[in-house]
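Asker: The structure under discussion is supplied below as structure tokens; questions concerning it will follow.
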Amino acid sequence: MIVVVALVVLLGVLAIGAWLIILERRLLALWQDRYGPNRAGPFGLAQIVADMVKIFFKEDWVPPFADKVPFILAPGVIIATVLLSFAVVPFSPLFTVSRLNVGLLFFLGVSSLGVYSVILGGWASNSKYSLLGGIRGIVQMLSYEVFMGLSVVGVVMLAGSFDLSDIVRAQRGLWFFIPQILGFVIFFIGGIAVTHRIPFDLPEAENELVAGFHTEYSGMKFGMFYVGEYVGVVLISAMTVALFFGGWLGPFLPPLVWFLLKTFLFMCVFILVRAALPRPRYDQLLAFGWKLLLPLSLANIVLTAAIYLAAKG
């Protein structure tokens, strides 16, 4: 059964990540008052199939000046780390690949390994544009993962466990986004930054670095970077639901349906943020993290601990 559940999660997540691309294009068109994809299939739904066929047949070129082994490994790292992180996501009480008593730590540790994809891709390309994008990506991911880790400390205090299933069950009376509203905001902002989504897409800033750390990639290697970003969006949305919005909890509908509906809502929020916010300068991005999010995350820990101890006392 574990193997069956793992295969269902693997294929389901990849399918959702792929179709999230067409969802984003349609929603961006809706919010920006334009047509969007509307030629391939009904409502443009076959556009993603056309894109997949196109990328399969593109030349998979490795630049002669690149360091070939890490250049080839880099796209696989991002896909592997993101998919492996889904092993501990509690989709429902009975639908989890692996329930670990340190599931939250597993998520933070494995997802942070995705930075090696940016490091390898930027360095092994042997290109100045790619190297600058890789350096930006490393600093951004390491910085905002610190704030993501600190933002969930309050959740662990309230639930008394690192087990994600226990964290969901602890929200039966009150979802944690209410007492941990500050932690939720910091976690979600950190998730946007770690997945390189606009407005935090400085490692891939097309107007400055052509395409950032994956400038020299083409064909399926570029496709793996591209899909890895969207699967990362699904992962952060699912973890936000599990940590702050009651996971599978909800009336009338089956638990799995509730979890998927909430996750879909946050995927749409990711897209809305892209449609609404401009891109900051890189120094503003880092200053925002270290000068604002870090003090706020530490203050949230202190405040949560004080209230928790006062309530226990």
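The values are calculated or read from the model by the stated rules, or taken from the named source; none is laboratory data. Being a predicted model, the structure only gives us computed values, none of them experimental. Because the Cβ atoms are built from the backbone with ideal geometry, glycine has one as well, and the counts that use them run over all protein chains shown.
Asker: Within the stretch 170-193, restricting attention to residues that are touching a residue at least 24 places away in the same chain (Cβ under 8 Å) and within 18 Å of residue 305 (Cβ to Cβ), which residue is surrounded by the fewest Cβ atoms within 10 Å (Cβ to Cβ)?
Answerer: So the residue we want is 182.
Asker: If you check residue 53 against the conditions, is it hydrophobic (A, V, I, L, M, F, W, C) and either surrounded by fewer than 18 Cβ atoms within 10 Å (Cβ to Cβ) or over 26 Å from residue 125 (Cα atoms) (or both)?
Answerer: Judged against the criteria, residue 53 is a match.
Asker: Here is a follow-up. So, in the stretch 122-151, how many residues would count as being of a type in the set (Gly, Ala, Ser), part of a helix (DSSP H, G or I) and more than 30 Å from residue 164 (Cβ to Cβ)?
Answerer: Total meeting the criteria: 5.
Asker: Also: Residue by residue through the stretch 178-194, note down the ones that are in contact with a helix residue (DSSP H, G or I) (Cβ under 6 Å, 6 or more places away or on another chain), modelled with pLDDT under 90 and more than 15 Å from residue 294 (Cα to Cα).
Answerer: Hit for the stretch 178-194 is 194, nothing else.
Asker: Any residue at all in the stretch 46-54 that's at pLDDT 85 or above and in contact with a Phe, Trp or Tyr (Cβ under 9 Å, 6 or more places away or on another chain)?
Answerer: no
Asker: Working carefully through the options 111, 130, find the one that is polar (S, T, N, Q), buried (at least 17 other Cβ atoms within 10 Å of the Cβ), more than 30 Å from residue 253 (Cα to Cα) and in contact with an Asp or Glu (Cβ under 7 Å, 6 or more places away or on another chain).
Answerer: From the options 111, 130, the qualifying one is 130.
Asker: Quick check, is residue 14 closer than 21 Å to residue 196 by Cα, out of contact with any strand residue (DSSP E or B) (no Cβ under 7 Å at 6 or more places or on another chain) and touching a residue at least 60 places away in the same chain (Cβ under 8 Å)?
Answerer: yes
Asker: All but one of (1) out of contact with any Asp or Glu (no Cβ under 7 Å at 6 or more places or on another chain); (2) in contact (Cβ under 8 Å) with a residue 24 or more places away in the chain; (3) crowded, with 19+ Cβ neighbours inside 10 Å hold for residue 73; state the number of the condition that does not hold.
Answerer: The single condition residue 73 does not satisfy is (3).
Asker: Just give me the residues in the stretch 280-299 being under 15 Å from residue 189 (Cα atoms) and either touching a Ser or Thr at 6+ places or on another chain (Cβ under 8 Å) or in contact (Cβ under 8 Å) with a residue 60 or more places away in the chain (or both), in sequence order.
Answerer: Across the stretch 280-299, the qualifying residues are 280, 285, 286, 289, 290, 293, 294, 296, 297.
Asker: Exactly one of (1) in a helix (DSSP H, G or I); (2) in contact with a helix residue (DSSP H, G or I) (Cβ under 9 Å, 6 or more places away or on another chain) is unmet by residue 250. Its number?
Answerer: Result: residue 250 passes all but (1).
Asker: Just to verify a result, which residue in the stretch 221-234, among those that are touching a Pro at 6+ places or on another chain (Cβ under 8 Å) and of a type in the set (A, V, I, L, M, F, W, C), is surrounded by the fewest Cβ atoms within 10 Å (Cβ to Cβ)?
Answerer: Checked the stretch 221-234; the qualifying residue surrounded by the fewest Cβ atoms within 10 Å (Cβ to Cβ) is 222.
Asker: Only helices (runs of 4 or more DSSP H) wholly contained in the stretch 1-120 count here; list those with 3 or more residues that are among the basic types (Lys, Arg) and under 26 Å from residue 163 (Cβ atoms).
Answerer: none
Asker: With respect to the numbered conditions (1) in a helix (DSSP H, G or I); (2) at pLDDT 80 or above, which one is the sole condition not fulfilled by residue 207?
Answerer: Condition (2) is where residue 207 drops out.
Asker: Taking the criterion of being surrounded by 16 or more Cβ atoms within 10 Å (Cβ to Cβ) and closer than 21 Å to residue 144 by Cα, would at least one residue in the stretch 246-266 satisfy it?
Answerer: Yes, the stretch 246-266 has at least one match.
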